[in-house]
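Colleague: The structure is given below, and queries will be raised subsequently.
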């Protein structure tokens, strides 16, 4: 067995970072990837633009990781968001900061992110092997290597599992890492979709599919009437329900096949009293118009027929005849547009997978298994996940760096 041999399973962001870092410190590294190219899932993130990280501080990173965020303190201390930005600059990729602290390549092309990681690995002579890992070999409680699907065995004293979750299986994320970990005695916490759109039977949604709302506030209530999530930002209406950044983040807190009530505040910057005054001004401005034609300054065109119908105010009623009670009913609707939520979309459509290898069985200072010597984990295969905004990729890069440098 080669004493300094490291095998990394998975050629996504965590795996590529881990492989390059391990090789840079003198290890002989083999990266196993089942696809015919590296970073397949990375290529489609951020609609092909790749939201690499977020420039918030350490506490901000942890606050945006609702599942086991504190487990990642050491990883972020060792290799944080500014370290990541400096890393990509070193390897020829400049970045820019956009709304909400989101960091993207200046080129807006995720392919350039993959190319930078490939240059890094090439510089330190990482060997890329296309194939599928079938089994992690162990001798006693010590890693001994990896067996591939073609029967080949690659001896190694250290193996890093960076196989991702089970979302977007077409990119190669088919849950292999869970099988490897479970076979070696690790606990796999229940898997579910995270950062996934939500389904709704609310009929009027089909009338506005494709409409994006910006600067809205949302609250999600469970069946007991408790607020389980609230947020501010952008959302999208679809043919099956709702999506967009605030909806994807909300999904982290929801359970599949449970019913919820989504309440949208279309005018969060205005108090009910201020909104009532705004309506009075608009109605004065459009005093000669029918109700359905007097909302153009207030709402997107596609949403006006829906609001008119839900407000139960006759669409042809002249605005100067609208009563105070009707106006207040309209204001309440604008501050509380309701959508019924019946389920999350399938895990195959999720950006990330919630659940995974229990972090209680992983050393947070090294990413090494507490059960099997020489076995390490990096990225989405672990039971950690975050909101949208670059946080999940930062997890992948930081844990990959820590695992690679601990080998």
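The values are calculated or read from the model by the stated rules, or taken from the named source; none is laboratory data. Values in this document were obtained by computation on a predicted structure and should not be read as measured data. All Cβ positions, even for glycine, are placed from backbone atoms using ideal geometry, and neighbour counts span all protein chains on display.
Colleague: What number of residues within region 83-110 are surrounded by 14 or more Cβ atoms within 10 Å (Cβ to Cβ) and part of a helix (DSSP H, G or I)?
Modeller: 8
Colleague: Keeping to region 180-206, report how many residues are at pLDDT 95 or above and either under 30 Å from residue 43 (Cα atoms) or touching a helix residue (DSSP H, G or I) at 6+ places or on another chain (Cβ under 8 Å) (or both).
Modeller: 12
Colleague: Quick check on region 334-345. Is at least one of its residues at pLDDT 95 or above and part of a helix (DSSP H, G or I)?
Modeller: The answer is yes, given that some residue of region 334-345 is at pLDDT 95 or above and part of a helix (DSSP H, G or I).
Colleague: Something else: Being farther than 25 Å from residue 270 by Cβ and surrounded by fewer than 19 Cβ atoms within 10 Å (Cβ to Cβ) is the filter; apply it to region 229-259 and report the residue that is nearest to the chain's Cα centre (by Cα). I'd like the intermediate steps shown before the answer.
Modeller: Step one: of region 229-259, the residues farther than 25 Å from residue 270 by Cβ are 238-241, 243, 248, 251-259.
Subset that is surrounded by fewer than 19 Cβ atoms within 10 Å (Cβ to Cβ): 239-240, 253, 255-259.
Working: 239: 21, 240: 20, 253: 13, 255: 16, 256: 17, 257: 20, 258: 21, 259: 22 Å.
Out of the qualifying residues, it is 253.
Colleague: Check region 357-367 and report whether any residue there is touching a helix residue (DSSP H, G or I) at 6+ places or on another chain (Cβ under 6 Å), in a helix (DSSP H, G or I) and touching a residue at least 24 places away in the same chain (Cβ under 8 Å).
Modeller: Yes: region 357-367 contains one or more residues that are touching a helix residue (DSSP H, G or I) at 6+ places or on another chain (Cβ under 6 Å), in a helix (DSSP H, G or I) and touching a residue at least 24 places away in the same chain (Cβ under 8 Å).
Colleague: Return a yes/no flag: does region 63-71 have any residue that is in a helix (DSSP H, G or I) and closer than 27 Å to residue 133 by Cβ. Talk me through it step by step, then tell me what you get.
Modeller: Taking region 63-71 first, the residues in a helix (DSSP H, G or I) are 63, 69-71.
Next cut, closer than 27 Å to residue 133 by Cβ only: 71.
Yes, that holds for at least one residue.
Colleague: Now a separate question. Looking at 257, 231, which one is without any contact (Cβ under 8 Å) to a residue 24 or more places away in the chain, touching a strand residue (DSSP E or B) at 6+ places or on another chain (Cβ under 8 Å) and under 30 Å from residue 66 (Cβ atoms)?
Modeller: Answer to the check: 231.
Colleague: Further question: For region 232-272, name all the residues that are assigned to a helix (DSSP H, G or I) and in contact with a helix residue (DSSP H, G or I) (Cβ under 9 Å, 6 or more places away or on another chain).
Modeller: The first filter runs over region 232-272 and keeps only residues assigned to a helix (DSSP H, G or I), leaving 245-251, 272.
Selection gives 245, 272.
Colleague: Looking at 405, 398, can you tell me which residue is surrounded by fewer than 24 Cβ atoms within 10 Å (Cβ to Cβ), within 29 Å of residue 97 (Cα to Cα) and in contact with a helix residue (DSSP H, G or I) (Cβ under 7 Å, 6 or more places away or on another chain)?
Modeller: 405
Colleague: Let me ask something else. Being assigned to a strand (DSSP E or B) and within 17 Å of residue 303 (Cα to Cα) is the filter here, so list the residues in region 194-215 that pass it.
Modeller: Step one: list which residues in region 194-215 are assigned to a strand (DSSP E or B), which gives 194, 198-199, 212-215.
Across region 194-215, the qualifying residues are 212, 213, 214, 215.
Colleague: Moving to a separate point now. Within region 41-48, is there a residue that is in contact (Cβ under 8 Å) with a residue 40 or more places away in the chain, surrounded by 17 or more Cβ atoms within 10 Å (Cβ to Cβ) and assigned to a loop (DSSP other than H, G, I, E, B)?
Modeller: no
Colleague: In addition: Sort through 325, 365, 294 and tell me the only one that's surrounded by fewer than 16 Cβ atoms within 10 Å (Cβ to Cβ) and assigned by TED's automatic domain parsing to the domain that holds residue 271. Lay out the reasoning, then the answer.
Modeller: Numbers: 365 fails: assigned by TED's automatic domain parsing to the domain that holds residue 271; 294 fails: surrounded by fewer than 16 Cβ atoms within 10 Å (Cβ to Cβ).
Being surrounded by fewer than 16 Cβ atoms within 10 Å (Cβ to Cβ) and assigned by TED's automatic domain parsing to the domain that holds residue 271 holds for just one of 325, 365, 294, which is 325.
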